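Notes for the one structure printed next.
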Amino acid sequence: MPLCQVAVPFSSPPVLQREQCLFKATQARRQLISVKTLGSRCTKSNTFKGRAVQAKVTRSTSCSAFPQRDGEERTARNGAITPALSTDDPQYLTQGLSALPGQPIPLGPSLPVDGSMGVNFAVFSKNAASVTLLVLADEAQVEPSEFECQRTDDTWHVQVDELPGAGVRYAYRVTGHGGWEQGYRWCPEEILLDPYAPLVHGRSKWGVGDPHQQWWGTFDLSSPEFDWGEDYEKPDVPWQDSVIYEMPVRAFTADGSSGLDPSIAGSYAGVAAKIDHLKDLGVTAVELLPVHEYDELEFQRMPNDRDHMINTWGYSTVNFFAPMSRYGSGGRGPAAAANEFKSMVKELHNAGIEVILDVVYNHTAEGGDVNPYILSFRGIDAKEYYMMDMDNYVQMCNYSGCGNTINANNPPVTQMIVDSLRHWVLEYHVDGFRFDLASALCRDPDGQPMASPPLIRQISKDPVLSQVKLISEPWDCGGLYQVGSFPNWDIWAEWNGKYRDSIRNFIKGTSSEKKQFASRISGSSDLYHYHQRKPYHSINFVTAHDGFTLKDLVSYNSKHNEANGENGMDGSNDNLSWNCGVEGSTSDEGINALRKRQMRNMHMALMVSQGTPMVVMGDEYGLTRHGNNNAYGHDNELTHFMWGELEARRDNYFRFYSGMIHFRQNHPLLGRTEFLEQRDVTFHEDNWDDEESRFLAFTLHGGGKGDLYIAFNAHHFIVDAALPSAPEGTTWHRIVDTNLPSPRDFIPEGRPGIEGRYNIAPFSVLMLQAQQ
């Protein structure tokens, strides 16, 4: 389907309505905009020499996108252009294309609303002096046709007649007045990607090609709509029943042990081929690490300490509308990849599994003012798209830790983000979003935190977006920490970082943690019990894509990131981990047994907590990154799912891990819709202020049958625990004792005969269920 958001131009004059656009387009029907040849690369005076150039370009630094040294002459960046050719010019006649002024809505490429042949193009730039559309009409064309865009308010537009509805590549060149000192980064010689491009054309195969690849927008406006099927329905899993599985698309099946044909390994189709594993695991949603188009070879554009790596996580967006084309199988191009993504979503939905996207609207791949990567927004209108601090020489604000920060609450940028989100829901049928560094989206254009950010409010009130799952990572790299206080309109969930820290601390035996631990596993009511918020608005997690894996959390006290090439400066230094006595791998059977027990203990805590649990790909079998807690740039066994290791552990650790997920989903006391009240839980504790206590036991009540007694012992010694009486007419059956070997560690039907007292082993968890 064509991209058809109603993205109106923003400026102080009244917005031009669609009817006015049609009227003006009709009047101008015969006023063709001439095609002109593409000028040469800009020189220091930023003039063009009137000759045609190839589509593949070499980047220059002679533009205001780059800072100049003190004392260097600063010239005006007016970007003088060779005059457009007239309709009598023979060069115009050979191009075979003509153009009309077009319309300012919708942004991006679209079919003309009057039904005429051709494609309308529109792009927002408030501060540009001129915008030129470049078009490669087919694969054979190497010299782009060039069309001057007309301006309506702050939108630049042109309609190219007789242009095919697919197979076209396009981009823009933009000039403007003012330079670095005014916050502008004009670079008229750069080919700039349309922020609203529905698809992106670049290199065809993952990790293969020129690190200086030119990115072009493309589209498919002519193919039939994707067939979702007559009986197709979205799963619509209630929050309280959700278990989220965080995973990268490529790493899930890229390893040869996946057993997949190499043509689909590491692709959207690869994910679909492994749906049975997700069903066996018991998760209800996959949370895909970024699938917006990004450049996996960005670290290799210039010599640096990271140029041996490849970006496998994708937190470096090139375009917010296009699916990552190289996650499509077989290198078949962006349109095929988009359809493959839809097929993956369809198959996941048919299996009852939702699709949540990890989205990065806080920054882009363009970097900051040191070694910028000029792709799109920076050259189109940097001052509108990015936060700027005009009092500093390096002006781009960096609340993302990646050199720039999207100006998310500037109205046109707000609308772009909302349009992008709606596009993914309406076109690709995704079920929700996790917003990376979401607190950066709560800042005004000056970087100040906002109590009611327009972007978050607009998302929350949108009739489409308010109906999907919305998850914030409620902090940013500028020190704004909003766990429990993120603006939420009673519908946003949050990554609960306090939950993660408390679970790690208590399970490894840290003193003075018991009260915090009890609060976190009870649903964090101190953070979320206000207005209409619910326990499931706390996204509970122990591990995530960044940081230690579950196995490394019990195997390393310190990070070991030497392979990243940053001298160990990257990644968190505070992991709240415990190696159980030896750093890294060991042959000590006692330490290895303790580590396995601790992994079970943390998973148990996650599965019995009120709130929405999130688990991470690979933890179900014990993926290790050998102490690397920031493996964003490794496309190997550090990040790949190792299917052989899963099979080796299927009957023991995986049995426990997946069994507890299924047990949670089938038990009404785990995953409540309301916060616990006094009648719902009994804590078997009479000294909450004992800072040395590392033992916590409680009973969840469910009116008799199904009551759960759960005890955590993080001491180095056995606790002889007095068990409460089972409800009348029932007896206690042991479901879990993490100290016991598999399969006795987890007995889903329960082992009867448990009463009176129970010796709870050091660093272990016990769970009993009342049964008749």
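The values are calculated or read from the model by the stated rules, or taken from the named source; none is laboratory data. In this text the structure is predicted, and so the values were computed from the model without any measurement. Here the Cβ positions follow ideal geometry from the backbone for every residue, glycine too, while neighbour counts run over all protein chains shown. Just so you know, the surface numbers come from the protein's heavy atoms only, side chains and all, with ligands and any DNA or RNA stripped out. Shrake-Rupley method; radii C 1.70, N 1.55, O 1.52, S 1.80 Å.
Hey, among LEU606, LEU623, which residue is in contact with a helix residue (DSSP H, G or I) (Cβ under 9 Å, 6 or more places away or on another chain), touching a residue at least 24 places away in the same chain (Cβ under 8 Å), in a loop (DSSP other than H, G, I, E, B) and buried (at least 16 other Cβ atoms within 10 Å of the Cβ)?
Working: LEU606 fails: in a loop (DSSP other than H, G, I, E, B).
Residue meeting the stated conditions: LEU623.
Number of residues in the stretch 581-603 that are in a helix (DSSP H, G or I) and polar (S, T, N, Q): the value is 3. Could you please find all residues in the stretch 151-195 being open to solvent by less than 20 Å² (accessible area, probe 1.4 Å) and of a type in the set (Phe, Trp, Tyr)? Hits for the stretch 151-195 are TRP156, TYR170, TYR172, TRP180, TRP186.
To keep it simple, each residue is scored yes or no on (1) surrounded by 15 or more Cβ atoms within 10 Å (Cβ to Cβ); (2) outside any helix (DSSP H, G or I).
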site	(1), (2)
LEU638	yes, yes
LEU646	yes, no
GLY671	yes, yes
GLY703	no, yes
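Looking only at the stretch 495-517, which residues are touching an Asp or Glu at 6+ places or on another chain (Cβ under 8 Å) and either at negative phi or acidic (Asp, Glu) (or both)?
The initial filter retains those residues of the stretch 495-517 that are touching an Asp or Glu at 6+ places or on another chain (Cβ under 8 Å), namely 495, 502, 505-506, 511-512, 514.
Listed by number, the residues that qualify are TRP495, SER502, ASN505, PHE506, SER511, LYS514.
Can you work out which of the residues in the stretch 705-734 that are in a strand (DSSP E or B) and open to solvent by 30 Å² or more (accessible area, probe 1.4 Å) is nearest to GLN771 (Cα to Cα)? Step through it out loud before you land on a result.
Pass one, the stretch 705-734, residues in a strand (DSSP E or B): 708-713, 719-722, 731-734.
Add one more test, that the residue is open to solvent by 30 Å² or more (accessible area, probe 1.4 Å), and what stays is 720, 722, 731.
Values: ASP720: 23, ALA722: 19, THR731: 6 Å.
For the stretch 705-734, the residue satisfying everything is THR731.
Scanning the stretch 429-442 for residues that are open to solvent by 10 Å² or more (accessible area, probe 1.4 Å) and within 17 Å of PRO487 (Cβ to Cβ) yields ASP436, LEU437. The residues listed here are LEU192, LEU134; of these, the one that is among the aliphatic types (A, V, I, L, M), touching a residue at least 12 places away in the same chain (Cβ under 8 Å) and within 20 Å of GLY368 (Cα to Cα) is LEU192.
Restricting to the stretch 279-307, name every residue that is touching a helix residue (DSSP H, G or I) at 6+ places or on another chain (Cβ under 8 Å) and not in a strand (DSSP E or B). Talk me through it step by step, then tell me what you get.
Residues of the stretch 279-307 touching a helix residue (DSSP H, G or I) at 6+ places or on another chain (Cβ under 8 Å): 280-284, 286, 288-289, 291, 293, 296, 306-307.
Result: ASP280, LEU281, GLY282, VAL283, THR284, LEU289, VAL291, GLU293, GLU296, ARG306, ASP307.
Of everything listed in (1) outside any strand (DSSP E or B); (2) in contact with a helix residue (DSSP H, G or I) (Cβ under 8 Å, 6 or more places away or on another chain); (3) crowded, with 20+ Cβ neighbours inside 10 Å, the single unmet condition for ASN319 is (2). Just to be sure before I move on: is LEU470 within 26 Å of LEU348 (Cα to Cα), at pLDDT 95 or above, in contact with a Gly (Cβ under 7 Å, 6 or more places away or on another chain) and not in a loop (DSSP other than H, G, I, E, B) in the structure I sent? Yes, satisfied.
Go through the stretch 735-772 residue by residue and tally those that are open to solvent by less than 20 Å² (accessible area, probe 1.4 Å), in a strand (DSSP E or B) and either more than 23 Å from ILE521 (Cβ to Cβ) or not small (Gly, Ala, Ser) (or both). Working first, answer last.
Of the stretch 735-772, the ones open to solvent by less than 20 Å² (accessible area, probe 1.4 Å) are 735-738, 745-746, 750, 754, 760-761, 763-768, 770.
When the remaining residues are screened for being in a strand (DSSP E or B), the result is 735-737, 746, 750, 754, 760, 764-768, 770.
Still in the running and either more than 23 Å from ILE521 (Cβ to Cβ) or not small (Gly, Ala, Ser) (or both): 735-737, 746, 754, 760, 765-768.
Looking only at that region, the number is 10.
Residues are listed down the side, and each one gets a yes or a no for (1) within 20 Å of the chain's Cα centre (by Cα); (2) surrounded by 24 or more Cβ atoms within 10 Å (Cβ to Cβ):
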position: PHE377; (1), (2): yes, yes
position: ILE380; (1), (2): no, yes
position: ILE406; (1), (2): yes, yes
position: ASN410; (1), (2): no, no
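Of the numbered criteria (1) buried (at least 17 other Cβ atoms within 10 Å of the Cβ); (2) under 22 Å from PHE320 (Cβ atoms), the one ILE275 fails is (2). PHE341 meets the conditions (1) aromatic (Phe, Trp, Tyr); (2) modelled with pLDDT under 95; (3) closer than 19 Å to ALA269 by Cβ in every case but one. The failed one is (2).
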